[in-house]
Each structure stands twice: as structure tokens, then as C-alpha cells.
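Following: one structure in C-alpha cells, then a few remarks.
The values are calculated or read from the model by the stated rules, or taken from the named source; none is laboratory data. Since the structure is predicted, the reported quantities are computational estimates derived from the model, not experimental observations. Note that each Cβ is placed from the backbone with ideal geometry, even for glycine, and that neighbours are counted across all protein chains shown. The area values use the complete protein model at the heavy-atom level, side chains included, leaving out ligands, DNA and RNA. Shrake-Rupley method; radii C 1.70, N 1.55, O 1.52, S 1.80 Å.
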Amino acid sequence: MEGKNKDFNINEMKQGYSYLEEEGKYTCSYCQKEFYKGEVYPIGERFYEAQKGAMLHVHMEHGKPFELLLQSDSKYLTLTDNQKQILTLLEAGLSDNEIAKQLGVTPSTVRHQKFMFREKAKQAKMFLAVYELAQEHNTGGDRLVPIHSKAKMVDDRYITTEEEKEKILETAFSSLNPLKLKHFPAKEKKKIVILKKITESFSVGKRYKEKELNQILKEIYDDYPTLRRYMIEYGFMGRTDDCREYWLTQG
């Protein structure tokens, strides 16, 4: 994902990588590996230009984007297990009769579900068009701070305007460069804004040893174990089971 606040468009979600024209680079959506136009990249025993390299990297290192999306734990993918099975068999190229046989249902049941998928897709496209047009012309409204893609227990605590965010940062930090936190608040909304700011002290795609992570956090706030715990709790960072390595999750 390019930048911590960027939402993928549909093509980027389907491809598993995004393209930033200003910098001429393709970025893997899953590990943020970068591929720059004009350069070639070794994959297997051959070399590939940037876009092809990004595509092959996604498939070889992470898997098919279809499967990765379908198996994700995103709160936005509201499909039943049965619906996921049907989509998987459709993606595999099976006919309605073949799908029905595998699932032990009638072909008409499969056709009905396909119809419902199509209607749901139409509804989503219509809403997206209306919403984007409203956002384009809403120059005077309060902009909401984007929610982190790995956010957990999303509720009202994540509803924060850009103006509120700036006030929280101004109050909580004695310095923004370098980051120096005065106090870690009890209010959940403020915690999220502060933790999001702290993620800027880390590099996407890099793995940090616990000692290295602690040193960075300690420079920001004396009670670094609390920061570390909440970085994990709120989904801003991931870690290995043995807690030896930490990394930024997708933004």
C-alpha cells in the first residue's frame, strides 16, 4: 500500500500491487517491496521489467490475489463460507452443473447465488460512484482520518477528523521532530491518533528486533513497554510468536 493512508482501488486490490506515477514505482500490497520503472529484477532464472516483476513477486511470494482477498479477515468481506466456496469454484472455471455437483445442491441454486453476487456488485459500484462524487465536491466538510487497515474492534473511537487529530498531536507531544510524547492518554481515540503518529518512526517492510524496537520507542516515551503493547493491541504492528521480531502492518 502506497503511504499509510492510501485506499486501494479495485484494480490494485485485484493485482496485489499499486503504482505511484510520481515516483515511477510499483509496490507490493502485502510486503511493500518496491519495483522501479526502468530497472530490471531477477525472479527465478530470468530478469523482468518492473510491472512484470511486481506481478510475479506477488504470485510467487504471497499467492493468488483472489485467494488472498477471499481468505483475508477484513471486516468488509461479508461472505458466508458457502458463498466463498461458490466463488472459489467459479474462479476455478467450473460450470454451474459442476459446482452444484461438488456442493451437493441444484444448478438453479448456484445460478441464484450468482445472480445475487451480480446484484451485490452493482449495488457496491453505485454506492462507490455516489460516495466518490460527494467526497470530490465536499471541500468544506470535516475530513475523517483514514482507519488503519489492520484496525481491531472498529467503532466510534476511530471517528476522528483531521482537525481533531492535529489538536491531539499538539497536546500530547512536546516535539514532533523528533517525536517526544508528554503523556499517554487514557482516552481510546487519542491513543489511536498518537500510535498512528508513532508508526512514522518505523520503516514499512523492515523487521525490528525487540531491543531495536524498544530503543526507538524509548526515545519517544519513557514507558516504552506500554507503547509497544498498544502498537500490537491496535494492529499497528505485528510480531513473531516468540516476540523476537516486530514489523509495521499494512497501513
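Given +1 on the Cβ of Lys and Arg, -1 on the Cβ of Asp and Glu, and no further charges, what dipole in debye does the chain carry about its Cα centre, rounded to the nearest 20? Mind dumping the intermediate values first?
Working: 41 positive and 39 negative charges, 97 e Å.
So the magnitude is around 460 debye.
Helices that extend 18 Å or more along their long axis by alpha-carbon positions and average at least 0.0 on the Kyte-Doolittle scale are absent among the DSSP H runs of the chain. Normalised per residue, the accessible area of the chain is 64 Å², obtained with a 1.4 Å probe and no contribution from ligands, DNA or RNA.
Does region 1-84 classify as rounded, prolate or oblate by the C-alpha gyration tensor (a ≥ b ≥ c root eigenvalues; a/c under 1.5 gives rounded; else a/b over b/c gives prolate, otherwise oblate)? Don't jump to the answer; show the numbers that get you there.
Working: a/c = 3.10, a/b = 1.61, b/c = 1.93.
The shape class here is oblate.
Rolling a 1.4 Å probe across all protein chains gives Asp242 an accessible area of roughly 90 Å².
Rolling a 1.4 Å probe over the protein chains gives His62 an accessible area of about 60 Å². Atom-type composition of the exposed protein surface of region 1-82 places 51 percent of the accessible area on carbon and sulfur (1.4 angstrom probe).
Can you sort Met126, Met116 by solvent-accessible area, 1.4 Å probe, largest first? Before the final figure, lay out the partial values.
Working: Met126 130, Met116 85 Å².
Accessible-area ranking of Met126, Met116, largest first: Met126, Met116.
Note on the chain: the alpha carbon radius of gyration divided by the globular reference 2.2 N^0.38 Å gives 1.21. Dividing the summed helix terms, -39500 (n - 2.57) for each DSSP H run of n ≥ 4, by the number of residues in the chain produces a 222 nm estimate of -13500 deg cm²/dmol to the nearest 500. Partner lysines whose Cα lies under 21 Å from the Cα of Lys182, excluding those fewer than 8 positions away in the same chain, are identified as Lys165, Lys167, Lys190, Lys191, Lys196, Lys197, Lys218. Accessible surface of region 83-236, 1.4 Å probe: 53 percent of it comes from carbon and sulfur atoms.
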